[in-house]
1. Which pairs do you get when a residue that is closer than 30 Å to P352 by Cα, found in region 198-210, comes within reach of a residue that is assigned to a strand (DSSP E or B) and acidic (D, E), reach meaning Cβ atoms under 8 angstrom, with the pair 6+ apart or on two chains?
2. Could you list, in sequence order, all residues of region 138-160 that are surrounded by 17 or more Cβ atoms within 10 Å (Cβ to Cβ), of a type outside the set (A, V, I, L, M, F, W, C) and either more than 21 Å from V258 (Cα to Cα) or not assigned by TED's automatic domain parsing to the domain that holds S378 (or both)?
3. I'd like to know if region 179-190 contains one or more residues that are more than 18 Å from P108 (Cβ to Cβ), more than 14 Å from the chain's Cα centre (by Cα) and at pLDDT below 95.
4. Being within 16 Å of ligand 2 (Cβ to nearest atom) and of a type in the set (G, A, S): is that true of A380 here?
5. Kindly indicate which of A341, A291, A300 is more than 16 Å from ligand 2 (Cβ to nearest atom), under 26 Å from I147 (Cα atoms) and of a type in the set (A, V, I, L, M, F, W, C).
6. Looking at (1) part of a loop (DSSP other than H, G, I, E, B); (2) exposed (fewer than 15 other Cβ atoms within 10 Å of the Cβ), can you tell me which one V124 breaks?
7. Quick one: which residue in E115, E89 is of a type in the set (D, E) and either modelled with pLDDT of 95 or more or touching a His at 6+ places or on another chain (Cβ under 8 Å) (or both)?
8. Among the strands (runs of 3 or more DSSP E) lying completely within region 286-374, list those that include at least 1 residues that are on the phi > 0 side of the Ramachandran plot and modelled with pLDDT of 95 or more.
Amino acid sequence: MKTLRIIPLAIAALAAAGCSNDAPMVGLGIDDSYRIARMQTLVLRPALDGTEYAWSVDGTVESHDRDFVFVTADEGVYTILLTITDGSETFEHRCVVSVFHEEVEYSPWIARVYEYTPGPGQFVNTMPEYTDGDSAADMAAKVLASIGGERNELVTLGSFGGYVVFGFDHTVVNVPGENDFRIWGNAFYEATVDGRPGGSSEPGIVSVSLDVNGNGIPDDPWYELAGSDYGADGTIRSYSVTYRRPDPSKEGEDAASVAWSDSEGASGYIPHNIFHPQSYWPQWLDPSEEAYTLCGTRLAPNAEIYPPGSKHYVLYAPAWGYADAHPNDKADLNSFDISNAVDSRGDRVRLPGADFIRVHTALNQVCGPIGETSTEISKACDLHVK
Ligand SMILES: [Ca+2]
Ligand SMILES: [Ca+2]
Ligand SMILES: [Ca+2]
């Protein structure tokens, strides 16, 4: 480093208002100060190219990426220092961010549902209920009516890969060293075998995304929150299952069962049963499509018949880090730390918060009379909003 020049640096700043669609441009060019509400992101994009970047907040280096997202749960005044190195030259820019309390108090509960695409399953079209003519947007609205606020009504994600994407009326801040949000499902224990709790554990993998382009919609990179089984034998990343629309020309229950094939070359059926007579195919999917494919990390099957020789299935719970895997009274085991985010290579990523949360059914498993394994969720809260 030969020279240190303090120059005014053009910074294109975008104060992305959480998940809202009206993210305003608050400044182009030189901004020395910003005012934002807590739990709202401030995206800083330097207009100057360099070979290295360093962003520090109140003296602590937080990122070496070109763009920086600042968000905090705490009101106060913060000093952000950007250092750009270009060959032998170094440039610095300092700005002060005043963070104030929101004018309308945030809700700690789900405020938005962006997408709902379950895998086929015995509770699909009933949890929530499909009505003739409902679109995907109508179904997302019905999911919000179930899991939004404190409604606490279960929604099914169906078989492997089925998912929901939801968010809050603000950004969930990644507070260092703490869990950041909690998700409720309907898991229960009924037996502990060889020290492993089992019962109905239907784990859902949780992924998070930050609205870095500030457009209010989940079209930004996703990061899986690595749970206890992320690196386990039997876990498959980039797994996919293609489901085929039921063939009514077949006989009996087979006419309603859903055939699947996966990216590993395996195939099977999501069987139809007499207890849930409706179609298991999401009725709002494009009627011209004969198949759809769901993707994500898959965990190894977790069910076994127990006691041996019975017809009873026990689904064992993974240790930690999944939705709908442990009973709701296990607060820590149903809570999630954004610091567990990993990229597609499995490397940790620094994420200051999350605007979008995605849960998908992690298992491709059918358990005799109880049918396919499907994650259910009923509500979620931001642990940093009281
Ligand atoms: Ca955290
Ligand atoms: Ca976006
Ligand atoms: Ca469940």
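The values are calculated or read from the model by the stated rules, or taken from the named source; none is laboratory data. Predicted model only: the values in this text are computed from it and were never measured. Here the Cβ is made from the backbone with ideal geometry for all residues, glycine too, and neighbour counts use every protein chain on show.
1. Final answer for the pair search is E202/E376; I205/E224; V206/E224; S207/E224.
2. K142, S146, G148
3. For region 179-190, residues more than 18 Å from P108 (Cβ to Cβ), more than 14 Å from the chain's Cα centre (by Cα) and at pLDDT below 95: present.
4. No, not satisfied.
5. Being more than 16 Å from ligand 2 (Cβ to nearest atom), under 26 Å from I147 (Cα atoms) and of a type in the set (A, V, I, L, M, F, W, C) holds for just one of A341, A291, A300, which is A341.
6. (2)
7. Among E115, E89, only E115 is of a type in the set (D, E) and either modelled with pLDDT of 95 or more or touching a His at 6+ places or on another chain (Cβ under 8 Å) (or both).
8. Details: elements: 291-298, 303-305, 313-316, 356-361.
Output list reads 291-298.
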